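Following: one structure in C-alpha cells, then a few remarks.
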Amino acid sequence: MKRYESQIKFVAWPQENVYNRLSDLSNLQSLAGAIPQSESEKISIKDLQATRDQVSCEVSPLGRLALGIVSREPFKCIKFETLQSPIRMTMWIQILPTTAESSKFKITVDADLNMFMAKMVEKPLTQAIGKIADLLSNIPYNE
C-alpha cells in the first residue's frame, strides 16, 4: 500500500458541523458545479453523483471513481473504500477541533499499487486529493 495525504486544512466551523456535512455524502451533490478544473494540471473531476453512503465521479486521467462509506466515528473520522476504481483504495477524513468554533481536517488515501502503477498515478492522485481537500475547505458547514 502506498499512502498519500492532503495538507491539513483549517475551517471556521465546529468539528461537529464538518463531520455532519461530510458523513452524509448526499450533501456533496450540491458541489458538483463548484469543482475547479485545471487544464495545466491535466486533472479534472466531473459528473459527481452522491447518495448518503456513496459518491462517484469521473476523475481524468484515472477514470470512474466510486467510494462508499465503510465506517463513521462521530465527529472524528469517516472512512471510505473504493467501489469502482482502476486501483483499490481506502480513504479517510480525520476531523479535529482547533477551537469550539473551528476545526481542521486531513484526507489520507492508501492505494494498492505496484511499483509501475505508483509512478504513473502518483502525481494525478496527489493532485486529486489536494483538489478534494481544497474544495472541502471552502464549503459552508452550516447546512
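Listed values, structure above:
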item	result
Qualifying residue in the range 8-24 (condition: loosely packed, with under 15 Cβ neighbours inside 10 Å, assigned to a strand (DSSP E or B) and modelled with pLDDT of 90 or more)	yes
Selection within the range 91-129 - closer than 19 Å to Tyr19 by Cα and of a type in the set (Gly, Ala, Ser)	Ala100, Ser102, Ser103
Residue match in the range 65-73 (condition: open to solvent by 80 Å² or more (accessible area, probe 1.4 Å), charged (D, E, K, R) and free of Cβ contacts under 8 Å to residues at least 24 places away in the same chain)	yes
Selection status of Lys106, out of contact with any helix residue (DSSP H, G or I) (no Cβ under 8 Å at 6 or more places or on another chain), open to solvent by less than 60 Å² (accessible area, probe 1.4 Å), touching a residue at least 40 places away in the same chain (Cβ under 8 Å) and basic (Lys, Arg)	no
Tally of residues being more than 14 Å from the chain's Cα centre (by Cα) and either surrounded by fewer than 16 Cβ atoms within 10 Å (Cβ to Cβ) or over 21 Å from Lys123 (Cβ atoms) (or both) across the range 51-64	6
Test: residue in the range 76-88 that is farther than 25 Å from Pro124 by Cα, modelled with pLDDT of 95 or more and not aromatic (Phe, Trp, Tyr)	yes
Pick from the range 114-133, criterion touching a residue at least 24 places away in the same chain (Cβ under 8 Å) and farther than 18 Å from Leu67 by Cβ, ranking: farthest from the chain's Cα centre (by Cα)	Met117
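The values are calculated or read from the model by the stated rules, or taken from the named source; none is laboratory data. Only a predicted model underlies this, so the values are computations on that prediction, with no experimental measurement involved. Here Cβ is always computed from backbone atoms with ideal geometry, including for glycine, and neighbour counts include all displayed protein chains. Protein only, heavy atoms only, side chains kept; ligands, DNA and RNA dropped before computing areas. Shrake-Rupley method; radii C 1.70, N 1.55, O 1.52, S 1.80 Å.
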